[in-house]
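Each remark here refers to the structure printed beneath this line.
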Amino acid sequence: MTELRGDRRSHRSATADLVVTGRIASLAGDSGPGWVEAIAIVGGRVVAAGRRTDLERMTSAGTHRLDLGPDEVALPGLTDAHLHLVEAALARARVDLEGTSDIEELKQRIRSGASVSEDGATWIEGGGWDVDALGRWPTADDLEHAAPGRLVALWAHDHHALLVSRASLAAADVGAGRLDPAGGVIRRGEDGTATGVLHENAARLVADLVPAPSVETIAAALGPLVAELVSLGVVAVHDPGGLSRQEGLGRPIAAYRRLAAAGRLGVRVHACVRPEQLDAAAGHGLRSGEPLGPDPLDRLRLGWLKTFADGSLGSRTAALLAPIESSPEDRVPGEGSGAGGRGIWLLSPEALAEQADRAARFGIATQIHAIGDAAVRAALDVLAPTARRTALMPRVEHAQLVDELDIPRFAELGIAASMQPVHIRSDAEKARRLWGSRADARAFPMAALARAGAVLATGTDAPVEPIDPWPGVACAVTRQAPSWPAGTEPLGQTQAVSLWRAIRAACVGPAITAGERDRGRLIPGSRADLVVLGATAVAEPVEPGGALWHARPRLVLMDGEVVAGS
Ligand SMILES: [Zn+2]
């Protein structure tokens, strides 16, 4: 590690602090890898990129060298454009229900989670269950077997439903007489009593009772997760925020600020605010893209106002132009209230428009969670008047189903598409079942959006998916996952993008949406954030579950300094 660290020279110095040679994908221009043979770095920034012989002139005795092996390549460091970083860090300490395949296994994992603290006042928190894998909706009665009498709150895999215990329902005063809140559904038995699953806004009835972790707890949890993330090649994160209601600017932002002020934030972060934090952000004079406080490493900035149009595919709450293809046993939340299998609106388009306009007046850009095609259309309508009023691009988050008429509108309006192709792994089967032929035609329509000139920014949506960025990059290209049953067709092969379009969406696209001209590429002026990988990772054709999927950087640099690997 140390051999790359040298005395810092002035930016004006003619000699480089560090010269990297080998096959370097600079991502210059609008497409392809933009291979160069060498880059020269001064003061943490790339000052020259091009032919090796030209850059040799910039070396002196004090210049450090990083000569890539013949089987290696360098790429810009990745940005995860949608990673709930604080939530993902905290999730590590909670009951993990990812991959549970039946109710018995669910109970078993909760039982061991419950045994960690016998204190009845301590909440048992966790998440990761998936109704399709379990075979039926889990219930408070199931929890009673696993953790009798305890306060339990367990998020579904997609975070759009909360499984709670009888004690939790009682604490939230959710009895048979309790009406569904706006934008939410309480699952009920024949007699109207709550059975334990709370959809969308109804989840807040219980979630708001769970004590929020302290600033110290959050800061401590971030350390190990950030180290792991950086070792995977992710140097920047757009954190859309968490699930619990925040007072003022909130504890997650306080934790980020504390780490940044101490020079201990190991990754670049754009932290978003939720609607209830907007006044506090404006009160502090914070604007999108600007620092959140003292920050010697210049790592922390204000991101977007994050707000929600609809629910999710898995919870049958994505807002759709045409109803889902439901089977009789598929009881759809909202159906009883007349939604007719077209999902749920968490906020009306009018209310979203009011929020986005208010935010824009404060200089804060908005990103809207929109999964279904009706929600995407509404999000574009809502965001259009705010485009170009803020330093950051307005964004539609997820855009899992997009109507053909709306595809060109992203580029035309200056609104970015923030997508998580890794969801194809777990969502393709659901998408085909619930959306029918719509799924292969226009789910995760990355190629159509790219052709229409939209800015694409990709991410993992961790903790919904693991923090590893590479399976998502691979999924964007192959549209299939190695975990699928043999013979399963790729999801909408015509929506596959090229390898380098996928890499650009993981490097350049997020930086563009964040108004950062100096990140995501390795061209003169760029911050010297780069990853060194085995060349097989970017060999074509990309195989499902192949080297790109399993890519692991040997070395990661930020601002020209080694931050992971050796
Ligand atoms: Zn998310």
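What follows is calculated from the coordinates using simple rules that are stated; it is not laboratory data. Being a predicted model, the structure only gives us computed values, none of them experimental. Glycine gets a Cβ as well: all are built from the backbone with ideal geometry, and neighbour counts include every protein chain shown.
Key figures for this structure:
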read-out: Taking segment 347-439 and dividing mean pair separation by its residue count, relative contact order in percent (alpha carbons under 8 Å, at least six apart); value: 25
read-out: Prolate/oblate/rounded label for segment 305-513 (Cα gyration tensor, a/c 1.5); value: oblate
read-out: Extension reserve of the E276-D381 stretch, reckoned as 0.36 nm per residue once the Cα distance is removed; value: 35.6 nm
read-out: Separation of the L297 and R57 label points, Cα + 7 Å toward Cβ, nm; value: 3.6
read-out: Calculated P(r) tail over 20 Å for segment 408-566, as whole % of Cα pairs; value: 53
read-out: Where only alpha carbons of segment 168-240 are counted, the Rg and the Dmax (Å); value: 18.2, 52
read-out: Nearest 10 degrees, 0 to 90: helix 499-513 Cα axis against the chain principal axis; value: 80
read-out: Gain in span if fully extended, E247 to A227, counting 0.36 nm per residue against the direct Cα distance; value: 4.4 nm
read-out: Under Karplus coefficients 6.51, -1.76 and 1.60, residue-wise ³J(HN,Hα) of segment 311-319 in Hz, glycine/proline x; value: x, 9, 4, x, 8, 6, 10, 5, 7
read-out: Value of Rg to Rh for the chain (Rh from inverse mean 1/r over Cα pairs, i.e. Kirkwood); value: 0.97
read-out: Residue exposure sequence - M58, M558, M446, M419 - by fewest surrounding Cβ within 10 Å; value: M58, M558, M446, M419
read-out: Relative packing of 423-434, 470-481, which averages over residues the other C-beta atoms within 10 Å, highest first; value: 470-481, 423-434
read-out: Which of T79, V230, A61, positive extreme of dipole for the chain (C-beta unit charges); value: A61
read-out: Acute angle (nearest 10 degrees) that the helix 103-114 long axis makes with the longest principal axis of the chain, alpha-carbon atoms; value: 70
read-out: Calculated [θ] (222 nm, deg cm²/dmol) that DSSP helices of n ≥ 4 give over the chain, each run adding -39,500 (n - 2.57); value: -7500 deg cm²/dmol
read-out: Between 0 and 90°, nearest 10: helix 423-435 axis offset from the chain longest Cα axis; value: 40
read-out: Sequence-separation-based contact order of the chain, relative, with Cα cut under 8 Å and 6+ spacing, percent; value: 16
read-out: Dipole magnitude (debye, nearest 20) for the chain, charges at Cβ of Lys, Arg, Asp, Glu; value: 1700
read-out: Rg over Rh, two decimals, segment 1-149 (C-alpha only, Kirkwood Rh); value: 1.30
read-out: Order of F308, F444, F362 - criterion: other Cβ atoms within 10 Å of each residue's Cβ, fewest first; value: F362, F308, F444
read-out: Percentage of interatomic Cα-Cα distances in segment 215-302 larger than 16 Å; value: 51
read-out: Taking all pairs of distinct alpha-carbon atoms in segment 95-207, Kirkwood radius in angstrom; value: 13.7
